[in-house]
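Remarks on the structure that follows.
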Amino acid sequence: MLTVDFSRFPLAPGDRVLDLGCGAGRHAFECYRRGARVVALDRNAEEIREVAKWFAAMKEAGEAPAGATATAMEGDALALPFPDASFDVVIISEVMEHIPDDKGVLAEMVRVLRPGGRIAVTVPRYGPEKVCWTLSDAYHEVEGGHIRIYKADQLLARMREAGLRPYGTHHAHALHSPYWWLKCAFGVDNDKALPVRAYHKLLVWDIMKKPLATRLAERTLNPLMGKSFVAYATKPHLPRAEAGTGAEAGTGADADAVTAAGAGAAAP
């Protein structure tokens, strides 16, 4: 289940992609399938081990085209182990709401993104997320849980302050909002409640089968109750006087540095 819409966020074979806070790796896997050179980074060592296994399995199954590479590595979003301008594309999906220093994370993403590069940011949408917070303290008052709810204009303002130029937004996963409202109403750790189990089966069926009826329903409902808010932006090019100096001049070396940083967990 992808939150980033790659029809609005074009990805070319050979693009250097950082999936920051990759979690289980869903966006990293899609980028790998599209022929990108992917680095999936997360602070959770267990999830990174699983992502690395899936990268290896995808390579073995021939799911990625020639030239695509994939690396899974542990790392700190506030101190990324990459040189400036190392990536053409950065994705951070459902991560920033967890991090106290979200401005610091944005600054690091902008630093490692090349001028002219693209970034996709997704966070829980204000309305559906506010319902969850109202229904359940346990939903957000947990270690590593959500510490803030973004309004769309707030997130876009932070992106602009970081030096990015937003160019598009949308909402996603409307059918998932009621599931989380049910979870919060019956207890976030209570997976046995009949309404929760029934709705979960519906979501699994929708993800696996992708029936036209639910696809149309979600498309219609996304503007009203989409669970996620998605924003796309570019990093402006350097002024002409600065072009060819500094980070942009080291693109080849930076690409090598990205590969070297993840050595040992790669699927070349």
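In a reduced charge model with +1 at each Lys and Arg Cβ and -1 at each Asp and Glu Cβ, the chain shows a dipole moment near 1020 debye about its Cα centre.
Subtracting the Cα-Cα distance of D191 and Y126 from 0.36 nm times their residue separation leaves 20.9 nm of extension gain. Annotation: extensible slack from A66 through A107 equals 11.5 nm (criterion: 0.36 nm per residue apart, minus Cα-Cα distance). Working note: Karplus 6.51/-1.76/1.60 with θ = phi - 60° gives the range 57-69 the couplings 5, 5, 4, 4, 7, x, 7, 10, x, 4, x, 6, 9 Hz, where Gly and Pro are set to x. A Gaussian network model of the chain, with springs between Cα atoms under 10 Å, assigns the largest mean-square fluctuation among A233, A61, A79 to A61.
Close amide H contacts of T69 (hydrogens built in the peptide plane, cut-off under 5 Å, sequence separation of 5 or more or a different chain): R37, V38.
Before anything else, pin down the relative contact order of the chain: Cα pairs under 8 Å, at least 6 apart, normalised by residue count, whole percent. Contact order relative to length: 24 percent.
Other residues whose C-beta falls under 14 angstrom from the C-beta of E74 contribute a net charge of -4, scoring Lys and Arg +1 and Asp and Glu -1. Hey, what angle do you get for helix 126-135 against the long axis of the chain, alpha-carbon based, 0 to 90 degrees rounded to 10? The helix 126-135 is inclined about 50 degrees to the chain.
Distance from the Cα centre of the range 134-181 to that of the range 19-76, in angstrom? Their Cα centres are 24 Å away from one another. Separation of the range 188-224 and the range 94-115, taken as the distance between their Cα centroids, equals 31 angstrom. Note on the chain: with a GNM built from Cα contacts shorter than 10 Å, the maximum mean-square fluctuation among W181, W205, W133 falls on W205. Each label was represented as a point 7 Å from its Cα along the Cα-to-Cβ direction; for R165 and L202 these points are 4.3 nm apart. Taking each residue as 0.36 nm, the span from Q154 to A213 lengthens on full extension beyond its C-alpha to C-alpha distance by 17.9 nm. Ordering 48-56, 144-152, 16-24, 216-224 by mean Cβ neighbour count within 10 Å, with the highest value first, yields 16-24, 48-56, 144-152, 216-224. With respect to the chain, whose longest principal axis is taken over its alpha-carbon atoms, helix 152-161 is tilted by about 10°. Helix 212-225 and the longest principal axis of the C-alpha atoms of the chain enclose an angle of approximately 80°.
For the listed residue pairs K59/K209; K183/K209; K103/K235; K53/K103, the alpha carbons are over 27 angstrom apart in K53/K103.
Read-outs throughout are calculated quantities, based only on the coordinates presented, and are distinct from any laboratory measurement. Just so it is clear, the structure is predicted and the values come from calculations on it, not from any experiment. Cβ sites come from the backbone with ideal geometry, for glycine too, and all protein chains shown count toward neighbours.
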